[in-house]
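This report concerns only the one structure given below.
The values are calculated or read from the model by the stated rules, or taken from the named source; none is laboratory data. The model shown is predicted, which means the values in this text are computed figures rather than measured ones. Cβ coordinates were reconstructed from backbone atoms using ideal geometry, including for glycine residues, and neighbour counts include every protein chain displayed.
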Amino acid sequence: MTSEPIGLALVGCGRISAAHLSALADCNPLFRLIATVDPDLQAAQAAAEPFGAKSFLTMTEALRLPDVEAVLIASPNALHFEQAMSAIDAGKHALVEKPIAETGAQALALAKAAEAVELVLAAGHTFRHGPAVQSLMEHLPTFGKLMSVEVSQCVFWDGPQAPWWADRSPVEGLILSLFAPHALDFVQLVMGKEDPLRVHAEAARHQSGWQAEDEAMMLLAYP
Ligand SMILES: NC(=O)c1ccc[n+]([C@@H]2O[C@H](COP(=O)([O-])OP(=O)(O)OC[C@H]3O[C@@H](n4cnc5c(N)ncnc54)[C@H](O)[C@@H]3O)[C@@H](O)[C@H]2O)c1
């Protein structure tokens with residue numbers, strides 16, 4: 001890393017990009033937004049304009065810019081693996097919104113690819129950086145041995161909050177892919193280096209706004 005601002009490309013200028021853009025403005029001069037990418041060019045332009053960045057319809061165009069050293073991927077879940085791999089192949093660091101990929105094998109392939117060329121690959125596990133989790137982690141050593149951890153996340157949505165939610169098939173899943181990364185990241189954080197021995201999951205759908213599950217429970221057994 002140099003002391004110059006890190007040149008960044010934002011890929012996907014939808015709902016969550018607003019939070020990233022606001023954080024970027026706060027991180028000035030650590031980062032400089034060089035480019036934004038979205039098939040909706042108006043969205044890309046609106047995100048780029050306050051930063052004087054360029055906007056593109058495709059990620060390939062942004063990856064060609066030598067000033068782009070890192071890529072922030074905030075596109076629909078199904079694109080994360082392919083886009084993160086393209087970023088690494090182009091020699092760029094990547095921060096990928098959660099889930100970093102759709103399968104464990106894909107996530108491992110990304111980690112190996114980034115490690116092989118000494119690039120930073122990070123997942124957008126926002127909760128671990130929040131004050132509540134940071135404070136809990138500070139006090140964790142005083143709690144003694146953890147016997148069980150319960151995480152509950154409930155949100156009321158009367159329909160898809162992003163267009164691609166409605167297209168997710170039951171096999172691809174929806175709520176697990178949106179929420180489980182937050183819950184699992186938290187559980188892994190407090191459980192330390194141990195990996196679970198067994199994972200059991202049940203899911204169901206109650207609403208008609210999308211085809212995949214809207215409720216899920218996971219049980220993880222640790223050594
Ligand atoms: N960390 C969090 O707490 C948090 C919260 C919300 C969303 N997310 C994640 O952020 C990602 C985006 O979610 P969202 O709610 O902002 O969705 P969204 O649909 O509002 O935004 C996605 C954007 O990506 C664009 N896009 C589609 N295809 C693209 C392509 N090939 N290249 C570049 N851009 C493309 C869409 O046009 C859209 O503007 C998801 O992976 C989601 O899981 C994370």
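Numbers below:
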{"item": "Members of the range 74-124 found to be in contact (Cβ under 8 Å) with a residue 40 or more places away in the chain, under 14 Å from LEU178 (Cβ atoms) and either among the aromatic types (Phe, Trp, Tyr) or assigned to a helix (DSSP H, G or I) (or both), listed by number", "result": "ASN77, ALA78"}
{"item": "Given (1) at pLDDT below 95; (2) under 30 Å from LYS92 (Cα atoms), number of the condition VAL155 does not satisfy", "result": "(2)"}
{"item": "Boolean, GLU194 is surrounded by 15 or more Cβ atoms within 10 Å (Cβ to Cβ), under 22 Å from ILE100 (Cβ atoms), of a type outside the set (Gly, Ala, Ser) and away from the ligand (no atom under 14 Å from the Cβ)", "result": "no"}
{"item": "The listed residue being within 20 Å of the chain's Cα centre (by Cα) and either surrounded by fewer than 23 Cβ atoms within 10 Å (Cβ to Cβ) or away from the ligand (no atom under 12 Å from the Cβ) (or both), out of ILE73, ILE88", "result": "ILE88"}
{"item": "Condition met for ASP26 (surrounded by fewer than 13 Cβ atoms within 10 Å (Cβ to Cβ) and of a type in the set (Asp, Glu))", "result": "yes"}
{"item": "Filter pass, MET147 being more than 16 Å from HIS182 (Cα to Cα), free of Cβ contacts under 8 Å to residues at least 60 places away in the same chain and assigned by TED's automatic domain parsing to the domain that holds PRO196", "result": "yes"}
{"item": "Count of residues meeting criterion [in contact (Cβ under 8 Å) with a residue 24 or more places away in the chain and closer than 22 Å to ASN77 by Cα] in the range 183-201", "result": "6"}
{"item": "First in the range 154-182 and not assigned by TED's automatic domain parsing to the domain that holds ALA212 and surrounded by 15 or more Cβ atoms within 10 Å (Cβ to Cβ), second anywhere and outside any loop (DSSP other than H, G, I, E, B) and among the small types (Gly, Ala, Ser), Cβ under 8 Å, 6 or more apart", "result": "none"}
{"item": "Test: residue in the range 133-153 that is assigned to a helix (DSSP H, G or I), surrounded by 14 or more Cβ atoms within 10 Å (Cβ to Cβ) and within 15 Å of the ligand (Cβ to nearest atom)", "result": "yes"}
{"item": "Residue in the range 51-60 that is exposed (fewer than 14 other Cβ atoms within 10 Å of the Cβ), basic (Lys, Arg) and not assigned by TED's automatic domain parsing to the domain that holds LEU174 present", "result": "no"}
{"item": "Condition met for LEU41 (of a type in the set (A, V, I, L, M, F, W, C) and within 19 Å of VAL96 (Cα to Cα))", "result": "no"}
{"item": "ASP26 being at pLDDT 95 or above and of a type in the set (Asp, Glu)", "result": "no"}
